[in-house]
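Peer 1: For reference, the structure I am asking about is given below.
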């Protein structure tokens, strides 16, 4: 019965989100859009970070190359559909090529190679004025006609988020997902039960880059522009923070983390300009007091509560 | 290519490398001894530059005032490091690396905005002291005297760090802690104190780096962001915690950048990243590893 | 079953194994004993592919497996349990066992849905091993003894022909040793698995092994049945010293 | 001098010691015997504080030391020579000794004194710890422990894996230490060398103390020798 209640709550939430534009003002709708884009981006990272146990510090690259591929393609040729397919495809190519080198490393060396590769891509995008627009980026990216109003763009980011999140949820709970978790938790042991850990990790990276690529399309729909900043290491770091603040050992963690960070910074920005300061304090507090993230913290509280109740009965 | 140009670019590259080393040395010391990846190192570098700006405002424009301010800025940043270590990091020793890293990243965010609260959002510059303005005529080309400051600070760091690590008991203990912490404690030595010294020395070096860079850069709250990544890669290319590896890697980075400007000016900023990626793929444990 | 042929391995200047040769007979329980530093773990790591020998061959049923990578050696039928349980800590007991079955069933790249066959197989092992009470508990919350048993259960799940066990009774109280012995015997007799294990507890070795191999400082000093080992003066010497 | 009272010790979830009690009197040399894996090293690690007991307590000179930080226990006068020697491999021989130096009022040990005890070390004072042979490392490990000027020293299988000539030399030096009045707790599985210098003996099996007597009494008791230390 509990499972059913969970599904009902989820369905109500989805219905509320779909009908939100009827009641909310356009600014709130934009903020919600941002949450869905960011949450999908965070989920894509968490597939390798939380489940695969890999310190991937360059997630923004996949979002970025996808967003740029779409933007550059539609600017030059005009076909939206091919652009939308091209984005994630290019992200997957980047993910595969980088992944082949990355899976040979582990721990901090893995992390540092992602930083080097990520910054390399950023530097090229940043400096290749003739092709990417350099530091200015592309200030205005054309979108298909059916995404002309803010409500349509909102619904698009929401639906992309829902479908992708559902797919990721299925993957995490699939046989492959189990082996990815196993490999992330104990690589040596996974090898000794015949798992080809390098291939499993590479597949994880490729899937992660694919969904990050989708979030890149979602990002363009939301912002209608691209700039090299979206590939910069700080953007990767911020999404990592969102995952960790929410909790990387739960599926909902990255979603909650993204939502909390965006909501708090949005609200804070109405009263002060020091958003990073607020974000820093949130992070500091969560590192010191909620090392398992918000969702992990709540789950543990509920778990302790149930355990305590059982003891009294 | 004209040989004198090559020589002068080489000299510029080495000087830049020495500057990177000032920052990398602190970072690698912290990494080697505390096993913490300190994202806040870039923030401490930025703070060094801001304190430099303020102290020069007080001390005046002279060459002596410049060096005095640099020393003061480094000491102030060292003091801030002391507070960070005692109040925050101390509680995270032995915890997950990701958590420690994240704590230092939260400081990046906090310091970035704190600086804007205190100094505002303007760009600041520090005037070049007289002694360092102008150029030398070497190898038939002109090299800014300012590079001399980088070169000397780097050499000074090398010498002082060597003295500390190899000639003082504290430094020897720090090296011992880096390889085997529990045995150090079993000999009656408080390893936590060693951690504090290493972190503060790292902070002083970051502050010094900010101070000496201040005449050459725009002093802003973001100035640490790009350099910290480069310095990270220097440390990793040199081999985790290997100070001499960092020195070599820093010089390689410096030279690659200066020749990058010469050969492929548009993508000069990509050179260090490409080198780091290649080294990590071929020799993940650093250039000095077997 | 398994032949160790002239294996040598050194770490920097230290010679860990020198010219080691012996056989592990099929369908039986063979014990590997020796003092600390004798080279037992090194040998296990070489057999399982985690280390490469400088010299010599490891032959499994007439197939040379020297230097193959660990996951391939494992898929050829060599399972392994670890001295300190090395499991997937955040997965449940059942998921740990299922992971082993998924690979075996070739479902590694099934991205959607579940693998019913693995689930059923895991359930049946859990039944056999009497682990149903902790079936859905994450390993981090299980006792050390359960971890040790899960090690054996996971090894069974990989369907090995040969099982390497590193100190199966280390770290558990005396009262639970009998339980582990029963389960190892079950493996050997019912599942027809060849067992090759290291152990400190000599009484345990004598009660279970049909062949004993003794190493000292990387060299083979005895190979034979337990009874002879008890009488061998070489073996006595490394445990008792010359004067005793 | 030292008294360990009913301690349990665990590595994570694995319990390694069960209700262990031992004591060492002043100027006494006590042997801890048993095959490998029975918990000798664990007991020594627990005394120095590297593995704090989960239950029970440890007293040194009447003062409770269990629960104190490792470096404080060491500063109380306990020195530890681990089985793996744990030389600081990046430091020279002399630096290994220098950093351990702990000056006390009646401090007897200095680098020169250690060189007198272990002459081979003096020749390689500038060599890195990592480049020493096993025997040299063992001398350095003992010498380093002595630099803390301990009143009590714990040695974990100091002769393990060493050539007979070096074993003989180490035995002599440990005897000299014993004569200097320092308390010694020596973990060994090599009986022949240990029995020569021990006053009293504890035998361990599977994480517990199973026998306790004077060294002489143990030598007479062939049954116990065979049961707990022999192969049969």
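A short reminder: the numbers here are calculations on the coordinates, not readings from a lab. It should be emphasised that the depicted structure is a prediction, and the values quoted were computed from it without experimental measurement. All Cβ positions, glycine included, derive from the backbone under ideal geometry; neighbour counts span all protein chains shown.
Peer 1: Cα centroids of the range B:80-128 and the range D:12-65: how far apart, whole angstrom?
Peer 2: Value for the Cα centre distance between the two parts: 43 Å.
Peer 1: Given the C-alpha centroids of the range B:206-252 and the range C:147-221, what is the distance between them in whole angstrom?
Peer 2: 54
Peer 1: Restricting the count to DSSP beta bridges whose residues both fall in the protein assembly as shown, what percent are antiparallel, rounded to a multiple of 5? Each step should come with its number before you reach the end.
Peer 2: Working: 47 of 82 bridges.
Among the beta bridges of the protein assembly as shown, antiparallel pairing accounts for roughly 55 percent.
Peer 1: While we're on this one: Report the label-to-label distance for residue B:162 and residue C:11 in nanometres (one decimal), using points 7 Å from each Cα along the Cα→Cβ vector.
Peer 2: For residue B:162 paired with residue C:11, the spin-label model returns 3.3 nm.
Peer 1: Can I ask one more? Please figure out what share of the DSSP beta bridges in the range C:2-240 is antiparallel and state it in percent, rounded to the nearest 5.
Peer 2: 55
Peer 1: Per residue of A:193-206, what is the mean number of Cβ atoms on other protein chains within 10 angstrom of that residue's Cβ?
Peer 2: Neighbouring Cβ atoms belonging to other protein chains average 5 per residue here.
Peer 1: Note the angle between two axes, namely the Cα long axis of helix B:271-282 and the longest principal axis of the Cα atoms of chain B, as a number of degrees from 0 to 90, rounded to the nearest 10.
Peer 2: Helix B:271-282 sits roughly 40 degrees off the main axis of chain B.
Peer 1: Describe numerically, in nm with one decimal, the distance between label points set 7 Å from Cα along Cα→Cβ at residue A:25 and at residue D:19.
Peer 2: Calculated label separation equals 7.4 nm.
Peer 1: Follow-up question, since we're still on this one. With chain A treated as a Gaussian network of Cα nodes joined by springs under 10 Å, which of A:197, A:149, A:132 yields the largest mean-square fluctuation?
Peer 2: It is A:149.
Peer 1: How large is the Rg to Rh ratio of chain D when both quantities use alpha carbon positions and Rh follows Kirkwood? Before the final figure, lay out each step's value.
Peer 2: On the way: Rg = 17.1 Å, Rh = 18.0 Å.
Radius of gyration over Kirkwood radius for chain D works out to 0.95.
Peer 1: Normalised by the number of residues in the range B:189-290, what is the relative contact order in percent for Cα pairs under 8 Å and 6+ residues apart? Don't skip to the answer; put the middle values down first.
Peer 2: On the way: 70 pairs, mean separation 24.7, N = 102.
Once divided by the residue count of the range B:189-290, the mean separation gives 24 percent.
Peer 1: OK, next. Measure nothing fancy, just the Cα-based angle from helix D:164-179's long axis to the longest principal axis of chain D, in degrees from 0 to 90, nearest 10.
Peer 2: 80
Peer 1: Report Rg/Rh for the protein assembly as shown, rounded to two decimals, where Rg is the Cα radius of gyration and Rh the Kirkwood radius.
Peer 2: Looking at the protein assembly as shown, the ratio lands at 0.99.
Peer 1: Moving to a separate point now. Which whole-number percentage describes the relative contact order of chain C, with Cα contacts under 8 Å and a sequence gap of 6 or more? Walk me through the numbers on the way to the answer.
Peer 2: Working: 423 pairs, mean separation 67.1, N = 244.
Normalised by residue count, the contact order of chain C is 27 percent.
Peer 1: Across 5 Å bins from 0, what is the distribution of all Cα-Cα pair distances for the range C:2-240, in whole percents?
Peer 2: Bin by bin from 0 Å, the calculated values are 1, 6, 14, 17, 19, 16, 12, 8, 4, 2, 0, 0, 0.
Peer 1: For D:224, D:48, what's the fewest-to-most ordering of other Cβ within 10 Å of each Cβ?
Peer 2: Taking fewest neighbouring Cβ atoms as first place, the list is D:224, D:48.
Peer 1: Ranked highest first by average number of other Cβ atoms within 10 Å, how do D:202-209, C:121-128, C:102-109, C:58-65 line up?
Peer 2: In decreasing order of mean packing, D:202-209, C:121-128, C:102-109, C:58-65 become D:202-209, C:102-109, C:121-128, C:58-65.
Peer 1: Just counting partner chain Cβ atoms within 10 Å, what average do the residues of peptide C:82-90 show around their Cβ?
Peer 2: Mean shielding count: 5.
Peer 1: Show me, bin by bin at 20 Å from 0, the whole-percent P(r) of chain A based on Cα pairs.
Peer 2: For chain A, the binned pair fractions read 31, 59, 10, 0 percent.
Peer 1: Apply the Debye scattering formula to the range B:23-222, with a single equal point scatterer on each alpha-carbon and no solvent, then give log10 I(q)/I(0) at q = 0.10, 0.13, 0.15, 0.17 Å⁻¹.
Peer 2: -0.46, -0.74, -0.93, -1.11
Peer 1: Moving to a separate point now. Top mean-square fluctuation among A:51, A:219, A:129, Gaussian network model of chain A, C-alpha springs under 10 Å?
Peer 2: Highest fluctuation among the options: A:129.
Peer 1: Of A:107, A:95, A:247, which is the most mobile in a GNM of chain A whose springs link Cα atoms less than 10 angstrom apart?
Peer 2: Top of the fluctuation ranking is A:107.
Peer 1: If you don't mind, there's one more thing I want to ask. Which order do the peptides B:146-157, B:87-98 take when ranked by the mean count of other beta-carbon atoms within 10 Å per residue, highest first?
Peer 2: Details: B:146-157: 19.4, B:87-98: 14.3.
Going from most to least packed, we get B:146-157, B:87-98.
Peer 1: Could you tell me the ratio Rg/Rh of the range A:94-239? Both radii from Cα atoms, Rh via Kirkwood.
Peer 2: On the way: Rg = 18.0 Å, Rh = 17.4 Å.
Over the Cα atoms of the range A:94-239, Rg/Rh equals 1.03.
Peer 1: Still on this model: Can you figure out the FRET efficiency of residue C:57 with residue B:170, using R₀ = 60 Å and their beta-carbon distance, to the nearest 0.05?
Peer 2: After rounding to 0.05, the efficiency reads 0.70.
Peer 1: On a 0 to 90° scale, report how tilted helix D:134-146 is relative to the longest principal axis of chain D, with both axes built from alpha carbons and the result rounded to the nearest 10.
Peer 2: Compared with the principal axis, the helix lies near 90 degrees.
Peer 1: May I pose another question? Let me check against my output: what whole-number percent is the relative contact order of the range D:1-50, with C-alpha pairs under 8 Å and at least 6 apart?
Peer 2: Relative CO of the range D:1-50 lands at 33 percent.
Peer 1: Evaluate peptide B:187-200: per residue, the Cβ atoms of other protein chains within 10 Å of its Cβ; return the mean as an integer.
Peer 2: 4
Peer 1: Counting other beta carbons within 10 Å of each residue's own, what order do D:38, B:204, A:124 fall into, fewest first?
Peer 2: The order, fewest Cβ neighbours first, is A:124, B:204, D:38.
Peer 1: In nm, give the distance between the simple-model label positions of residue C:206 and residue A:301, each being 7 Å from the Cα along the Cα-to-Cβ direction.
Peer 2: 6.0
Peer 1: A follow-up question, please. Among C:66, A:157, D:29, which comes first, second and so on when ranked by fewest other beta-carbon atoms within 10 Å? Before the final figure, lay out the partial values.
Peer 2: Values: C:66 18, A:157 26, D:29 22.
The order, fewest Cβ neighbours first, is C:66, D:29, A:157.
Peer 1: Could you state the number of Å between the C-alpha centres of the range A:1-73 and the range A:200-223?
Peer 2: The two parts, judged by their Cα centres, are 11 Å apart.
Peer 1: Could the peptides D:94-104, B:120-130 be put in order, highest first, of the mean number of other beta-carbon atoms found within 10 Å of their residues?
Peer 2: My ranking of the peptides, most packed first, is D:94-104, B:120-130.
Peer 1: Okay, next question. Between residue D:103 and residue A:162, what FRET efficiency follows from the Cβ-Cβ distance if R0 is 56 Å, with the result rounded to 0.05?
Peer 2: 0.20
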